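Asker: Can you keep this structure in mind? I'll have questions shortly.
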Amino acid sequence: MTNELDIFVGNTTLIDEDVYRLWLDGYSVNDAVGLRVRSGILEQTGATAGVLQSDTMDHYRTFHMLERLLHTPPKLLHQLVFQIPPSRQALLIERYYAFDEAFVREVLGKKLSKGTKKDLDDISTKTGVTLKSCRRQFDNFKRVFKVVEEMRGSLAGNIQQHFLLSDRLARDYAAVVFFANNRFETGKKKLQYLTFGDLAFCAELMIQNWTPGAVDSQVDDMDVDLDKEFLQDLKELKVLVADKDLLDLHKSLVCTALRGKLSVFPEMEANFKNLSRGLVNIASKLTHTKDVRDLFVDLVEKFIEPCRSDRWPLNDVRLFLNQYSASVHSLDGFRHQALWDRYMVTLRSCLLRMYHD
Amino acid sequence: MPGKLKVKIVAGRHLPVMDRASDLTDAFVEVKFGNTTFKTDVYNKSLNPQWNSEWFKFEVDDEDLQDEPLQITVLDHDTYSANDAIGKVYIDIDPLLYSEAATVISGWFPIYDTIHGIRGEINVVVKVDLFNDLNRFRQSSCGVKFFCTTSIPKCYQAVIIHGFVEELVVNEDPEYQWIDRIRTPRASNEARQRLISLMSGELQRKIGLKVLEMRGNAVVGYLQCFDLEGESGLVVRAIGTACTLDKLSSTAAFLPACNSPSKEMKEIPFNEDPNPNTHSSGPSTPLKNQTYSFSPSKSYSRQSSSSDTDLSLTPKTAPYPQGPRIFLCPSSPSLSSGSPHLKKSCLLSESSLTPHHSSHISPVVLRKSVSFSEELLLAASGMGSGSAGKEGGPFKALLRQQTQSALEQREFPFFTLTAFPPGFLVHVGGVVSARSVKLLDRIHNPDEPETRDAWWAEIRQEIKSHAKALGCHAVVGYSESTSICEEVCILSASGTAAVLNPRFLQDGTVEGCLEPRLSWQPGFFSIGSEKGEVDFFPQSQDSSSLLGQEENLPAGCGFCHIPYDELNMPFPAHLTYCYSCRKQKVPDVLFTTIDLPTDATVIGKGCLIQARLCRLKKKAQAEANATAISNLLPFMEYEVHTQLMNKLKLKGMNALFGLRIQITVGENMLMGLASATGVYLTALPMPGGIQIAGKTPNDGSYEQHISHMQKKINDTIAKNKELYEINPPEIPEEIIGSPIPEPRQRSRLLRSQSESSDEVIELDLSHGKKDAFVLEIDDTDAMEDVHSLLTDVPPPSGFYSCNTEIMPGINNWTSEIQMFTSVRVSRLSNINLTNQTLNKNFNDLCENLLKSLYFKLRSMIPCCLCHVNFTVSLPEDELIQVTVTAVAITFDKHQAVQTTKTHVEKSLQRASTDNEELLQFPLELCTDSLASHPFSPAKEHLESASSNSGIPAAQRATSIDYSSFADRCNSWIELIKLKAQTIRRGSIKTTVSVEKASPLTEGHFRQRSAPACANSTVGVVKMTPLSFIPGAKITKYLGIINMFFIRETTSLREEGGVSGFLHAFIAEVFAMVRAHVAALGGNAVVSYIMKQCVFMENPNKNQAQCLINVSGDAVIFVRESELEIISAQQPVASCQPACSGGEIAT
C-alpha cells in the first residue's frame, strides 16, 4: 500500500523553520529526512520515519509553490493563496535571500551571466554549498541586480523596497550589485584573505563617496557606477608624486608629525615614497576599466603587502594614513584638496578594514 | 422588477502575461448577469490595469437575483484573433438580499481559471437596491437567511424552530452531455461550475419559499450536497431546519440582568406551559394512544421489490441480514414512550419521594415567597392538592402529547441541528439510520425529479418509523448522504431519535410562554444575593420533581433518560437508574449523532473513536451489483457497530456523540468508516471491561495466550482511563438498582454478560465492575479483531481529538486556531487482497494520517483537534482516498489540569454563553460573570457542580454512606442539602477562576494580535468547521458561502504530480473562500465544511481533475480582549452593538 497522494493544507500556511533551512540549503527530500532523523526529532515526538517523510514532502511542496512568490517579495505580501502571518513572511523572505559567505566570495565581482552560472558546479564542489543552493543564491543576485540596475535613488534603499529585505541584508546586496556591476576582481589568491564583510564595507563607502549619487541624488545609475568625472579628476592627484618637491614636502610633514609615535617609523620613512606613489597611482589609473577591476589587487599589492611585510601594527597604519591624508592640506602648491579628501577618506577606511591577516 | 444590481470593476493586479512579445496584457472585463453583459474598456499593456469602470446596472427579478451568480470574466484583448480568457470570478449575491447581512461586496477576488488556477486578482464592488415586493405568489424568497451552522447562530435567538425543509433539483451534467468532446475541457468545466452555481441558487430559493410557507425566516443547519450521478445527471439536494430567528438587538442587550432569568425558564420547560390550567386538567387527560409501539415484524418484513429490506440491529442481537436498510440503536432499546407501565413506575417513585420533599421544601417556600410569587404559587398549588405525585405521570403524558401533536403535523419531524437551546432536548433515544441501494437511471424530466424525491422520502419515512420505535417523536442531528459508484448508489440517512420540548416548536406555545417569562423576571431579579440563588435551588428542584418531570431533573442527565418503555423492550439492554438523579432509567451506553449537550456532565476528557472496515465484493453489473451490496451492508453495519462498542469500552467510556457512519461503495469493495467522540457521561453506568474467552480452553498454551491478551486489554483500559482522566466516584449498588433481566442471546462475537445483583459484590477495580463484554476468540478473524483493537495508538501527550464541536472536558481555549484539510490517496497492491489485509491497510492509512496530523501540529501543543471529519471515497479500483478536515485549537494547559474547577467553570461558561445567545445578554463572560452569576445560571451550575465528580466526591461519599443505613428518601434529602452546599462553594470557586482566567487569555490575545496587524495588506480571514471562534465573539452573520470549483490539468507532472496539483488547488479554494468573506466585510468563516473533494487522475495522459465543494457562514468576530477595551471605554458596557464589528472588519 503506497501513498500516491499525500497533502496537508492549512488555512494558515505551516512553515517549519528547520525544514525551510534544509530546503534552502538544497537538500533533497530524502537527505532532509535523513538529517531530520539524525536531529533526534523522532525520539522527541514519537513520530515514525514515514510521518517525517510525508511532513518533509509537504513542506517542500509548499516552499516550491512559495518560491515563485519569493522572487518578487511584494507579491508574497499581496497574494491571497497563502495566508501567512507577516512575521513569517519576513522570515521567509529574509532566509530566502540570505547567502553563504563562501559562495558570495566566489562570485563577488563576477559578471552575473550564464557563463558564471555554468561555473556553479565548480563553486559548489569548492565551497561545499549544494548546487541547488548555489543556483538559488546566484539567481537571487542576478534578480536583484536586474531590478535595481537602472533605478534612481539609493541602491540599498531600492533593494529594500523591492525585495523587502532587512537593512543589513539590503546593504549586503547593494555591495554584491556594486561589485558585479564594476566587476572588481576579488578572486585572486592574494585577495582570498578578505572576507565578504571587508569587501562589502569597502563597497558601501565607495557607493557613498565615489558614485554620481554622492554628489547628485537625481541621476540614473547613481549608486551602481563609479562617478566618471571623479575618476577623470583623480588624474590631477598625480602631481603629488610626480612633483618631486611636493612629494618631499609631503614626506617631511608626515615624518615630523609621526616621529616617535610609530613603532615602525624607520620602515615608514624608508617606504614613504613607494607607498605614496602606489596610492596616488591607483587613483590616477582608475579611468581605465581594467584598473578599476584591479583596484583591490592593487591596494593589496601596493600598500597592504609592503606594510605587512614590515610588520606594521594596525594602529601604526591608522596613524600613518591619517597623517598622510591630513598633511596634504598643508601642501600649499596642491589645489585639489576636496578631490583628495573624497578619494582618501574612502580609501583610508577601506585600507584599514582590509589590513588584517 | 424588484431589484437593481450594480457592479463596478475597479482594478486588476498580478495579471498573467498574455502577450509573450511585450510581456504584458491588454485586459478588459465582461460582467454578466442573467442574459445581460457589460464590458469595460481595454486597459492596454499592463499587468495591473486600472479600469475604474462606471456602475454597470442590471435590472432583474429577485428570483433571478437568487438563482443567478454574477459572472465576471477577465479577458486579454487580441486585435487579430479571438480574445483569450484569463479567468473568471463568480460572485454569489445572495448575502446582499437580506437586510441584516452584508450591504456591499467589495474587495479583491482571485481570478480563477479551471486550467491554470488563480491568475491575478480583480477588485470589484457590488451593490443591490431591492424594492419591496408585495406579491404573495412570488417565486422568490429573498430575505430568508441561511446558516450552515448546526446550532442557533450566536447573536440570534430562536423564537420558533419549525422543522425540516428539503428540496432537490436535477439536471443533465454538461460533462456527460458533451461526451463527443467537441468542447474543450475549459468550456465543459466552466459550464459545470456555472450550472451548479445556478442550481444551488435555485435550490436555496426553493427552500426559502418553503420556509416562508412555514412562516419562518431562516434556515439553520443548511446542508447542500451534489450527487454526480454521471450519465444519469446531476442532483443538487439540500436539507435544513426552518426557524424563526430574532436578532439580539442592542437595546435588548441593554438589559442583561432582567432578561437572564428567562433562561431559567427554558430549563424548566414546564413552567412555560402556555396554559397553567393544564395542571388541573393534567390528571384527567387520558393517556395518549400508543401510536408508536415498536413492531419488529414491521421493520423486518418490509421487503420491497428488489433489494430493499430492513434490519434492526444491536450488538446484542445476532444479525439477520435481510437487506440494505439498517436500523441501528446501540443497545438502546426501542420502545413506545407513553406506555402505562412506565407511567406506573414513574408514579410510584414519585409518590414515595414527594412527602419528604414538600416537608423539606416548604419552609424555604414560605421564607422566599415574597419574591417568588408566581412560580411558588404554582409549585405550592401542586403540593397543596396533595396528589402532587400522581400528577406527574399524566402531566408528562400531556407534555408528550402536546409535543407529539406539534410534530405530527409535519411530514418529517427532523432537525439538522446538532446543538440546541437549553431545554429543547428532553430525551435521547439513540441513533437511527437507514440505507438504501438504488440503481441510477437517466433522469428523463429534470423538472420533475420524482424518482429522487421518492427515494429520499422512503428513507426519511424509514427513519421516522425507527424513531417512533424508540419512543421518540423527533430526529435530531439529522443528515443525509450518498455514495455512488457507476450506476449503483447508496442513499444513507441518520440521526438521533429524541423527545423534544414543544415550546420551541409551535407558535402558540411560544407566544404563550413569553408571558410567564416576563412576569417571572421581577421575582428573579430581586434575588440579588448568592444566598437567594442557593435557596431557590431546592425549590425549583422540588417543583419539577413534584410535577413528575424527569425533564426537569438535574440538567446534566435528563437527556440520557430512556424515552421508551423498559418493560417492553424489543432489545435486550441494561437499564439502570440514572447515576445522577437516581430516579429515571438510563441505558448502559448511549450513541448519538449530536453534539454533547451543553448541560451534560462528563467525567474526564473525550476522545475520537473510529471504526474502520473494508469488505471485498465481486465486480458485478447493475442489478447483481446492487444485490451484492445490499447483502453486504448489514454485516458492515454490524461490524462497524461492534468495533465502535469495543473501542468505547476500551477507552473506559460510555457514550458516543457526533457519530457519523459512512459507507462507501467502490468497484470491488465496500468501506465503512465511523467516527464519533467518546465521553464518560456521569449519568450513565460505568462501562464494563472486555473479557476474552477462548474456544478451546483445554489447550494450555492457548490459554496462556488468551490470558496474555486479556492482560493487555485490561492494561489498555486502565491506561486510557488515566489518559482521559476518567475517575468516576464509587457509587453503591443499592442506589443503582438491579438491572432489567436480559434474555441471553448468543452471538458469535459478543454477548453482554448479564449482571445480577449478587454478582456485583466482587468488585474488579481494574476496569469497572459490571457487565464485561466478552470477546470469543474462535477463529483468526476474531483474533484480528482483538489485535486491531489494540493497534489504535492514543494521540501523543498534549493532543486531544474529537469530532464534535467542543472537546468534552476542555474549555479553556486560547485564541490560536488552525483549520486544515489533509488528503491521502493510497494504492492497494492487487495481489492477495483479503478482507484482513484490506482492513489492516485501511486502518494503517487512517492511523498514519492521524499521526501525521499530530506531528504537523506539534508546535500548537497543548491543543485539541476538533470537528475531525473523515471522508472516504474509492475513486478507482485499487485506490482509497481519505480526506480529513479539522481544526486545531490551543488551550491553556494549566487550567485544564484542575479538572474539578474546569468542570464547574465549563458549565458556568457555557451557561453564561447561552445566556448571552439566547437572552440578549451581550456581555462577555469575563466582564460580567459576576453580575450574571447570581441570577441565571444558578440552577444549571448548581446541578453540574453537584453531579460533577470532582467537588462533591467526598460529599457524595458521605451521602452514600448515609444512604446505606438510612432509608433512601432521607438520603435524598441529604443529597439536596449537600448539593446546596456544594453549589455555594462551587459558584464561588468558579467566579474566582474565571476572573483569573480573563487577564491571562487577554494578554495572550494582545500578544498575538499585535504583530498580525503590522503592515499586512491582506486581512486575515480565519476558517473553522466549528460554529464559534475561541476567545472571540461573533457580532454579525454576513451570509452563506457555498462554492463549487473544478480544476483540471493536462500537465500533471509539471505541476508537481498529483500531490502538487491538489495541494495547489486546495490552497486556491481556501484563498477564494477567504477573498469572498473579506469582500463581504467579514473576518472569519465558521461552520466551514468541505462537502466534496472528487479527485480523478490519468497519469498516463498526464491529466488530472478535481471538484471541490465547500460551504460555511461568513461572519464578523471581535476578540474578547477588544470587546473589553470597548466596554471599558463605554460606561454602559452592554451597549456593544452587534454591528460595531463592521468597522473593525473594513
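The values are calculated or read from the model by the stated rules, or taken from the named source; none is laboratory data. Since the structure is predicted, the reported quantities are computational estimates derived from the model, not experimental observations. Positions of Cβ are backbone-derived with ideal geometry, glycine not excepted, and every protein chain shown enters the neighbour counts. Accessible surface areas use protein heavy atoms only, side chains included; no ligands, DNA or RNA. Shrake-Rupley method; radii C 1.70, N 1.55, O 1.52, S 1.80 Å.
Asker: Just name the residue that is surrounded by the most Cβ atoms within 10 Å (Cβ to Cβ) out of those in segment B:40-88 that are in a strand (DSSP E or B) and β-branched (Val, Ile, Thr). I'd like the intermediate steps shown before the answer.
Answerer: So the first thing to find is which residues in segment B:40-88 are in a strand (DSSP E or B), and the list is B:43, B:50, B:56-60, B:70-76, B:84-88.
Next, only the ones that are β-branched (Val, Ile, Thr) stay: B:60, B:72-74, B:86.
Details: B:VAL60: 20, B:ILE72: 22, B:THR73: 21, B:VAL74: 29, B:ILE86: 24.
Step by step, filter segment B:40-88, then rank; the result is B:VAL74.
Asker: Could you identify the single residue in B:LYS651, B:LYS617, B:LYS721 that is basic (Lys, Arg) and surrounded by 24 or more Cβ atoms within 10 Å (Cβ to Cβ)?
Answerer: Values: B:LYS617 fails: surrounded by 24 or more Cβ atoms within 10 Å (Cβ to Cβ); B:LYS721 fails: surrounded by 24 or more Cβ atoms within 10 Å (Cβ to Cβ).
Result: B:LYS651 is the single residue among B:LYS651, B:LYS617, B:LYS721 that is basic (Lys, Arg) and surrounded by 24 or more Cβ atoms within 10 Å (Cβ to Cβ).
Asker: Let me spell it out: the conditions are (1) within 12 Å of chain A (Cβ to nearest Cβ); (2) open to solvent by less than 10 Å² (accessible area, probe 1.4 Å), and B:PRO808 meets all of them except one. Which number is the exception?
Answerer: B:PRO808 satisfies all of (1) within 12 Å of chain A (Cβ to nearest Cβ); (2) open to solvent by less than 10 Å² (accessible area, probe 1.4 Å) except (1).
Asker: Next question. Of the numbered conditions (1) surrounded by fewer than 18 Cβ atoms within 10 Å (Cβ to Cβ); (2) closer than 29 Å to A:LEU80 by Cβ; (3) at the interface with chain B (Cβ under 7 Å from one of its Cβ atoms), A:ASP6 satisfies every one except a single condition; which is it?
Answerer: If we test A:ASP6 against (1) surrounded by fewer than 18 Cβ atoms within 10 Å (Cβ to Cβ); (2) closer than 29 Å to A:LEU80 by Cβ; (3) at the interface with chain B (Cβ under 7 Å from one of its Cβ atoms), just (1) comes out false.
Asker: Okay, next question. Based on what the data block shows, is A:MET57 at pLDDT below 95, closer than 23 Å to B:SER826 by Cβ and either more than 36 Å from the chain's Cα centre (by Cα) or more than 11 Å from chain B (Cβ to nearest Cβ) (or both)?
Answerer: In short, no.
Asker: Hey, another quick one. Go through segment A:29-54 and count every residue that is away from chain B (no Cβ under 11 Å) and open to solvent by 50 Å² or more (accessible area, probe 1.4 Å).
Answerer: 8
Asker: Is at least one residue of segment A:288-309 surrounded by fewer than 17 Cβ atoms within 10 Å (Cβ to Cβ), part of a loop (DSSP other than H, G, I, E, B) and in contact (Cβ under 8 Å) with a residue 40 or more places away in the chain?
Answerer: no
Asker: Could you grab me the full set of residues in segment A:82-94 that are within 10 Å of chain B (Cβ to nearest Cβ) and either buried (at least 22 other Cβ atoms within 10 Å of the Cβ) or outside any loop (DSSP other than H, G, I, E, B) (or both)?
Answerer: Across segment A:82-94, the qualifying residues are A:PHE82, A:GLN83, A:ILE84, A:PRO86, A:SER87, A:ARG88, A:GLN89, A:ALA90.
Asker: When the residues of segment B:834-868 are filtered to those that are surrounded by fewer than 19 Cβ atoms within 10 Å (Cβ to Cβ) and not in a helix (DSSP H, G or I), which remaining residue is nearest to the other protein chains (Cβ to nearest Cβ)?
Answerer: Taking the candidates together, the pick is B:ILE861.
Asker: Among the residues of segment B:1010-1028, is there at least one that is at pLDDT below 50 and either more than 9 Å from every other protein chain (Cβ to nearest Cβ) or assigned to a strand (DSSP E or B) (or both)?
Answerer: Taking segment B:1010-1028 and keeping what is at pLDDT below 50, we get B:1010-1016.
Next, only the ones that are either more than 9 Å from every other protein chain (Cβ to nearest Cβ) or assigned to a strand (DSSP E or B) (or both) stay: B:1010.
Within segment B:1010-1028, one or more residues are at pLDDT below 50 and either more than 9 Å from every other protein chain (Cβ to nearest Cβ) or assigned to a strand (DSSP E or B) (or both).
Asker: Then there is this: Of everything in segment B:811-826, what is more than 7 Å from chain A (Cβ to nearest Cβ), assigned to a strand (DSSP E or B) and either open to solvent by 10 Å² or more (accessible area, probe 1.4 Å) or of a type in the set (Val, Ile, Thr) (or both)? Give them in sequence order. Lay out the reasoning, then the answer.
Answerer: To start, the set of residues in segment B:811-826 that are more than 7 Å from chain A (Cβ to nearest Cβ) comprises B:811-817.
Next, only the ones that are assigned to a strand (DSSP E or B) stay: B:813-817.
Those that are more than 7 Å from chain A (Cβ to nearest Cβ), assigned to a strand (DSSP E or B) and either open to solvent by 10 Å² or more (accessible area, probe 1.4 Å) or of a type in the set (Val, Ile, Thr) (or both): B:TRP813, B:THR814, B:GLU816, B:ILE817.
Asker: Same structure, new question: Before we move on, is B:VAL7 in contact with a strand residue (DSSP E or B) (Cβ under 8 Å, 6 or more places away or on another chain) and within 25 Å of A:LEU69 (Cβ to Cβ)?
Answerer: Against the criterion (in contact with a strand residue (DSSP E or B) (Cβ under 8 Å, 6 or more places away or on another chain) and within 25 Å of A:LEU69 (Cβ to Cβ)), B:VAL7 does not qualify.
Asker: Look through segment A:60-73, keep the residues that are of a type outside the set (S, T, N, Q) and at the interface with chain B (Cβ under 9 Å from one of its Cβ atoms), and return whichever of them is surrounded by the most Cβ atoms within 10 Å (Cβ to Cβ).
Answerer: The selected residue is A:ARG61.
Asker: Something else about it: In segment B:1053-1074, which residue that is open to solvent by 10 Å² or more (accessible area, probe 1.4 Å) and among the hydrophobic types (A, V, I, L, M, F, W, C) is nearest to the other protein chains (Cβ to nearest Cβ)?
Answerer: B:VAL1058
Asker: Checking B:THR598 against (1) at pLDDT below 85; (2) open to solvent by 10 Å² or more (accessible area, probe 1.4 Å); (3) more than 30 Å from B:PRO795 (Cβ to Cβ), only one condition comes out false. Which one?
Answerer: (3)
Asker: Return yes or no: is B:LYS1101 among the charged types (D, E, K, R) and more than 14 Å from chain A (Cβ to nearest Cβ)?
Answerer: yes
Asker: Let me ask another. Which condition from (1) assigned to a helix (DSSP H, G or I); (2) within 16 Å of the chain's Cα centre (by Cα) is the one that A:TYR193 breaks?
Answerer: Checking A:TYR193 against (1) assigned to a helix (DSSP H, G or I); (2) within 16 Å of the chain's Cα centre (by Cα), the one that fails is (1).
Asker: Please state which one of B:CYS142, B:CYS148 is at pLDDT below 85, outside any strand (DSSP E or B) and surrounded by 19 or more Cβ atoms within 10 Å (Cβ to Cβ).
Answerer: B:CYS142
Asker: OK, next. What single numbered condition from (1) hydrophobic (A, V, I, L, M, F, W, C); (2) touching a residue at least 60 places away in the same chain (Cβ under 8 Å); (3) under 12 Å from B:VAL124 (Cβ atoms) fails to hold for B:MET18?
Answerer: (3)
Asker: Please determine, by comparing only the residues of segment B:1-22 that are under 16 Å from B:ASP62 (Cα atoms) and open to solvent by 30 Å² or more (accessible area, probe 1.4 Å), which one is modelled with the lowest pLDDT.
Answerer: Ranking the candidates gives B:MET1 first.
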